[in-house]
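Beneath this line is the structure, given in structure tokens, with notes to follow.
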Number of protein chains: 2
Amino acid sequence: MTDDLLTVGQVADHLGVTVRTLHHYDEIGLVVPSARSRAGYRLYTEADLLRLQHVVVYRRLGLPLEEIGTILADGADSDTVVEHLRRQREAVTHRVAELTELVTAIDRALEAEMNDYAISREEQRELFGDGFDDGYAAEAEERWGDTDAWAQSQQRAKSYRKEQWQQIKEEGDAVNARFVELMDAGVDAGSEQAMDAAEAARQQICTWFYDCPRPMHAAIAEMYVTDPRFTKTYEDVAPGLAQYVRDAVVANAGRG
Amino acid sequence: MTDDLLTVGQVADHLGVTVRTLHHYDEIGLVVPSARSRAGYRLYTEADLLRLQHVVVYRRLGLPLEEIGTILADGADSDTVVEHLRRQREAVTHRVAELTELVTAIDRALEAEMNDYAISREEQRELFGDGFDDGYAAEAEERWGDTDAWAQSQQRAKSYRKEQWQQIKEEGDAVNARFVELMDAGVDAGSEQAMDAAEAARQQICTWFYDCPRPMHAAIAEMYVTDPRFTKTYEDVAPGLAQYVRDAVVANAGRG
DNA sequence: GCTTGACCCTCACGGGACGTGAGGCACCAG
DNA sequence: CTGGTGCCTCACGTCCCGTGAGGGTCAAGC
């Protein structure tokens, strides 16, 4: 039970790495199996697996193998295991925060494109450039290209041509016109009708762009009044529209 | 204004890539600057920058350059720009979901370590193994190792030794004892006192492990009753404790 | 006992995405 | 006209494996 030694293939299956990877880790001394069979087969113990698991997680974060080695070299007792987990947690959440930032950057770019607002280089830089102050830290690993979700999104995007784009713009204009109409009529931004218009706007985003739940929609609407660029595109349609739309969207997000 | 051509260095600064990278993209024909100066300097137009920006975002997601090339090759009008942004958004959120999963896996492992519960290989596999069904998709890019945040967390983790670990366990036992005491006394899990105990437990996590806001704590507490392993570790202390702690934590999360 | 797979071994070369000089023009400031 | 900085083109180095080539090993079945 405790002397349950595994061969490369089994270990590879368990932890989702390739045999070659295990060979490599052995070669460079990162994870050296504690035993070998008479025939020279690598045999991994429980402890080896634990170490390997840490390596795999660190690797997923993109740390170079050498650094992983030095990290793991600082002892291997029970308490340092917790240390590793703590660090790993921190590193992963940090990465998540970065990517989330990237998503909002993309959202802004989408908004800009939707409103036919060509953003300048300076703004691009602000959005994408070195938004990730320290490491713009590209994440690599090739196999990502043929992921299921990726293939899906690629396929879905295929059915999306010029006349449809035209339609999107028309729908958008219609929604905006509706907002202007309501605003000019003095209808409150928190009213049923305004909320309906907001809901229509949201539906449009869901249909054409991406799944956008109400809270997310509200967050985006905040940009209408906080980001001068978007404020401008709405104010150009009608003065006061940015605030009005924002309020309506927020109100709409508030109802069940 | 429109014929505002930039050299490699300027472009590199703007988009946060290296000059060498731009050379490489030129070499393989991925992003070829539209012009050259008499002296042979690469000169990038606005359109070049737009293309490059998409490349950079895709690259951050870890797509291989070749694939990026074919993606960008399907036309380059205004509407396909939106398509790219849509895809990029989807891809990034997908990645965020993956990493978030990884975080909860780490949380579980941390919980297990905290309770001195050594998880089996089978469970490790479940947690870390191929949780990412298709591509375990390691994210690479070396430079990550010497990120500020990383160095920080590494340094912070240094001050964390064996006697402290002992202290952590004692504190944990104390909190659990408090829970048992309350439960045995028939005090309601939603009571002030039980919530105080829950808050103490949360503070302990914050202090020793990671920043854990109340809602997150509640999510973790759910595991006490849904994950048999954790249920067991609490039930072993006292029958009914898992449910009691879970309820107290949830109640505590509910108060301001 | 012999064959057939599935699995393991050790070289060893390849490849993607750049890093890192080396050697040499280009351009502007003083 | 002399630095200093920025750009150019080779061209080799690196990291993390992928991908054979050539060959042993092991349990199972005939």
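For region B:9-30, the set of residues classified as within 11 Å of DNA strand D (Cβ to nearest atom) and outside any helix (DSSP H, G or I) consists of B:Thr18 only.
Only one of the numbered conditions (1) within 14 Å of another protein chain (Cβ to nearest Cβ); (2) in contact with an Asp or Glu (Cβ under 6 Å, 6 or more places away or on another chain) is violated by B:Arg59, and that is (2). In region A:84-103, the residues that are at the interface with chain B (Cβ under 7 Å from one of its Cβ atoms) form Cβ pairs under 7 Å with partners that are part of a helix (DSSP H, G or I) and among the polar types (S, T, N, Q), at six or more places apart or across chains, as follows: A:Arg87/B:Ser153; A:Arg87/B:Gln154; A:Glu90/B:Ser153; A:Ala91/B:Ser153; A:Val96/B:Thr100; A:Val103/B:Thr93. I'm checking my understanding of the structure. Among residues of region B:31-51 that are of a type outside the set (Lys, Arg), part of a loop (DSSP other than H, G, I, E, B) and within 13 Å of DNA strand D (Cβ to nearest atom), which one is farthest from the chain's Cα centre (by Cα)? Looking at residues that are of a type outside the set (Lys, Arg), part of a loop (DSSP other than H, G, I, E, B) and within 13 Å of DNA strand D (Cβ to nearest atom), I get B:Ala39.
Note on region B:59-83: residues that are of a type outside the set (D, E, K, R), at pLDDT below 75 and at negative phi total 6. The combined condition, being out of contact with any His (no Cβ under 7 Å at 6 or more places or on another chain) and at pLDDT 85 or above, is fulfilled by A:Leu49. Selection of region A:7-41 for residues being within 9 Å of DNA strand C (Cβ to nearest atom), among the aliphatic types (A, V, I, L, M) and out of contact with any Ser or Thr (no Cβ under 8 Å at 6 or more places or on another chain) yields A:Val8, A:Val11, A:Val19, A:Leu22, A:Ala39. A:Arg60 passes every criterion in (1) within 14 Å of DNA strand D (Cβ to nearest atom); (2) among the basic types (Lys, Arg); (3) open to solvent by 20 Å² or more (accessible area, probe 1.4 Å) apart from (3). Restricting attention to region B:1-50, the residues being within 14 Å of chain A (Cβ to nearest Cβ), within 22 Å of B:Glu67 (Cβ to Cβ), charged (D, E, K, R) and open to solvent by 30 Å² or more (accessible area, probe 1.4 Å) number 1. Applying the set (1) modelled with pLDDT of 50 or more; (2) more than 28 Å from B:Glu67 (Cβ to Cβ); (3) at the interface with chain B (Cβ under 9 Å from one of its Cβ atoms); (4) open to solvent by 40 Å² or more (accessible area, probe 1.4 Å) to A:Tyr117 leaves exactly one unmet item: (3).
When residues in region B:188-215 are screened for being at pLDDT below 75 and open to solvent by 60 Å² or more (accessible area, probe 1.4 Å), 3 of them pass.
The values are calculated or read from the model by the stated rules, or taken from the named source; none is laboratory data. Predicted model, so just to flag it, every value in this text is computed and none were measured. Quick reminder, even Gly has a Cβ in these numbers, built from the backbone with ideal geometry, and neighbours come from all protein chains shown. Accessible surface areas use protein heavy atoms only, side chains included; no ligands, DNA or RNA. Shrake-Rupley method; radii C 1.70, N 1.55, O 1.52, S 1.80 Å.
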